[in-house]
Every structure is written in structure tokens, then in C-alpha cells.
Amino acid sequence: MALSSSDIRAAAARIGVDPCAVKAVLSVESSGSGFLPDGRPKILFEGHQFWRELQTRGLDPVPLAKNFPNLVYPRWDKKQYRGGAAEWERLNAAARINRKAALRSASFGLFQIMGFNYAACGFDSVEAFVAAQERGEAEQLESFCALLKSQGQVRFLAARDFAGFAARYNGPGYAANQYDVRLRRAYERCKGGA
């Protein structure tokens with residue numbers, strides 16, 4: 001079920017931020033929808049994260065990268081994205097290599113929260129986190145609020161410090177992608193009633 005404006009207002013009030021700041025993040029991260037037309041959550045599979053997750057489990061990613069170059073690679077590479085339902089194909093293929101590592105290496109839903117953040121979102125396992133993201137946008141919103149609170153990111157959104165938020169939420173390469181600029185523009189559109 002899709003979020004309503006009142007759902008967003010209530011969640012924003014609970015964490016002390018402007019609802020338009022929350023709407024800006026979901027606009028930039030998922031274009032305002034947490035699900036694909038087929039009913040699965042929107043995801044992006046990150047092969048560079050999968051590389052790291054495999055290493056932490058004592059698996060050598062180098063031979064896997066030779067056999068699965070679209071799934072396992074050492075550095076972020078936007079060219080590997082397939083988009084839409086094809087990201088689920090990538091995730092499912094990676095899960096055949098190592099399920100837990102694969103789930104931790106994908107971002108889910110409205111706010112594109114990485115699976116490795118499951119504990120910061122209040123879940124005991126990555127599987128429980130993924131199941132919540134599959135249930136609905138309300139669960140995706142609650143996960144986002146929990147993540148912001150647990151990682152101390154509320155203050156950046158509350159102050160509309162989009163660069164500060166972007167550096168923590170999107171990573172150090174945020175400026176190259178103009179993540180902060182896109183957040184500010186989305187925020188301003190919301191405030192303007194668009």
C-alpha cells in the first residue's frame with residue numbers, strides 16, 4: 001500500500017523533521033514509489049558491496065568476478081546497473097553464490113536502504129529487514145526513520161543540511177552525482193506545492 005501525505009507527516013513529526021525533507025529523500029531515491037509494477041520492492045544490487053561482503057565471509061571474490069563480472073567487482077560501477085526487475089535477477093543470481101552477502105549488498109524500497117543497515121533499522125536479521133521492505137511502504141518509512149535516528153542523521157535533515165545528509169546517506173561520492181543538489185531541488189518543489 002502506498003504512503004499517504006499524512007503517513008509522511010506523522011513520521012516526520014516523530015523524528016522532528018520537515019515532511020518535505022522526507023519527501024525529498026524518497027523522491028530522489030525511488031521517484032516516489034517503493035515498488036515495481038510486479039509488486040516487488042525497488043532495489044539496486046551493488047556488486048562492489050557484494051565483493052566486500054564475500055571477503056568478510058572468507059570467500060575470495062577474484063575468481064567469482066571472472067565468472068560473474070556483473071555481480072562481483074571491487075569498485076562502484078554505475079554501468080553494472082540493469083534497473084527495474086533486472087536488479088532482482090542480479091540479486092537472485094548473487095544469492096545463489098551467498099544469500100546473506102547478497103541481501104546485505106542490495107538497497108531496498110522508497111529510501112533505498114542497504115541491507116547491511118538492517119540492525120540500524122531495528123531488525124535482528126537481514127532476512128527480517130527484507131521481509132519488512134516487501135510488506136509495504138509504511139514499513140519502508142519506519143525503517144528509514146529508525147535508520148536516521150540510530151545513525152544520528154536526523155539533525156542533518158532537520159537543518160536541511162543536504163550536503164551533510166548526502167555525505168552520510170549516499171556516501172563520499174555524493175557530490176559527483178549531485179545527490180545534495182537533487183535533494184534540495186526536490187525539497188524546494190515540495191515546499192512550493194509541486
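Each reported figure results from applying straightforward, stated rules to the coordinates on display, with no laboratory input. None of these values were measured; they are calculated from a predicted model. Because the Cβ atoms are built from the backbone with ideal geometry, glycine has one as well, and the counts that use them run over all protein chains shown.
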Notebook entry, point to check: In the chain, with Lys and Arg counted as +1 and Asp and Glu as -1 at Cβ, which of these residues, Gly164, Phe129, Gly193, has the Cα nearest the positive end of the dipole, that is, farthest along it?
Noted result: Gly164
Checklist line | Estimated Rh, the chain: Kirkwood, alpha-carbon pairs, angstrom | finding: 17.0 Å
Notebook entry, point to check: Hey, got the dipole for the chain? About the Cα centre, +1 on K and R Cβ, -1 on D and E Cβ, debye to the nearest 20?
Noted result: 420 debye
Next item on the list: For the stretch 43-108, just the Cα set please: Rg and Dmax, both in angstrom.
Entry: 10.3, 31
Notebook entry, point to check: Which whole-number value in Å³ per residue fits the convex hull of the alpha carbons of the stretch 1-68?
Noted result: 145 Å³
Item checked: Computed helical MRE - 222 nm, the chain, DSSP H runs ≥ 4 contributing -39500 (n - 2.57), nearest 500 -> -16500 deg cm²/dmol
Notebook entry, point to check: Listed here are the pairs Lys42/Lys100; Lys23/Lys149; Lys23/Lys100; Lys149/Lys191; which of them are more than 22 Å apart at the Cα?
Noted result: Lys23/Lys100; Lys149/Lys191
Note to self: I want the local charge near Ala101. Using Cβ-Cβ distances under 10 Å, sum +1 for each Lys or Arg and -1 for each Asp or Glu among the other residues.
What the structure shows: +4
Next item on the list: Using just the alpha carbons, could you tell me how many Å³ per residue the convex hull of the stretch 69-149 encloses?
Entry: 98 Å³
